[in-house]
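Structure first, commentary second.
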Amino acid sequence: MGRPAIAREGWPFIAGFLGVAVGINYLMGFWWASPFWLVVLLAVQFFRDPERQIPQQDQAVVAPAHGRVVAIEQAYDPYLERDAIRISIFMNIFSVHSNRAPVEGVVRGRWHQPGKFFNASLDKASENNERNAIWINTGDGHDVVSVQIAGLIARRILCYVKEGQPISRGQRYGFIRFGSRLDVYLPLKSRIEARLGRWVDSGSDIIGYLPVVV
């Protein structure tokens with residue numbers, strides 16, 4: 001059997017909203033309960049978690065988040081203290097909020113930093129907002145950092161991988177509630193396929209290729 005189409009992080013919320021809607025519907029009728037049924041539908045939409053077809057091309061880097069590409073730039077990677085290419089993806093409330101590993105490898109480091117909750121579409125969110133970063137070292141020695149960043153409404157970053165753990169490209173590794181951002185730091189010589197302003201699907205859209213090791 002496949003994985004459920006609703007993320008497990010959403011089950012308590014959906015069950016709670018559903019219970020309230022059913023109770024009001026039973027006691028007062030459908031019209032009084034209709035706003036609560038709408039909340040149930042919105043919760044199901046927010047916590048949906050569809051299966052993804054993971055690309056198998058060599059050196060491919062897949063989008064770790066479902067959303068709009070808001071930045072592609074050379075930037076300083078504060079986690080590995082290097083110059084890198086940063087691709088930033090903004091997730092709004094209509095995005096799929098499960099986060100997926102951009103590459104295959106081993107998790108060599110993980111950092112959680114408390115912070116503020118600016119609008120995640122702003123550049124200052126990368127430096128000031130609460131965030132959780134993982135460092136993945138690939139089988140051929142490339143280093144990729146994926147950073148979950150809380151947004152204006154997001155108040156919970158979930159990450160399920162630990163240092164030393166193997167991770168597969170496209171593997172579901174975390175979740176952020178209610179609008180947020182993902183930054184990916186790639187080696188400078190990576191070939192970028194993402195385009196500014198375009199929407200990408202987490203786990204299935206290729207946003208770049210790591211340099212070929214010769």
What is the distance, in nm, between label points placed 7 Å from the Cα along the Cα-to-Cβ direction at Leu38 and at Leu80?
4.7
Would you mind checking which residues have amide H under 5 Å from Gln165's amide H? H placed 1.01 Å from N; only 5 or more apart, or other chain.
Val107
Taking 0.36 nm per residue of separation and subtracting the Cα-Cα distance, what length does fully extending Asn92 through His112 add?
5.0 nm
Leading residue at positive end of dipole, the range 1-94 (Cβ point charges), from Ile85, Met28, Gly16:
Met28
How much space per residue, in cubic angstrom, does the convex hull of the C-alpha atoms of the chain take up?
127
Between Asp205 and residues 5 or more places away or on another chain, the pairs with built amide H atoms under 5 Å apart involve Ala63
Considering only protein heavy atoms and a 1.4 Å probe, what is the carbon-and-sulfur percentage of the accessible area of the chain?
59
³J(HN,Hα) computed for each position of the range 19-25 - Karplus, 6.51 cos²θ - 1.76 cosθ + 1.60, integer Hz, glycine/proline x
x, 5, 4, 5, x, 5, 4
Test of understanding: what is the full-extension gain from Val22 to Asn137, defined as 0.36 nm times their sequence separation minus their Cα-Cα distance?
36.5 nm
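The values are calculated or read from the model by the stated rules, or taken from the named source; none is laboratory data. Predicted model only: the values in this text are computed from it and were never measured. Please note: Cβ atoms are built from the backbone with ideal geometry, for glycine as well, and neighbour counts cover all protein chains shown. To get the accessible areas, we keep the full protein, side chains included, count just its heavy atoms, and leave off ligands, DNA and RNA. Shrake-Rupley method; radii C 1.70, N 1.55, O 1.52, S 1.80 Å.
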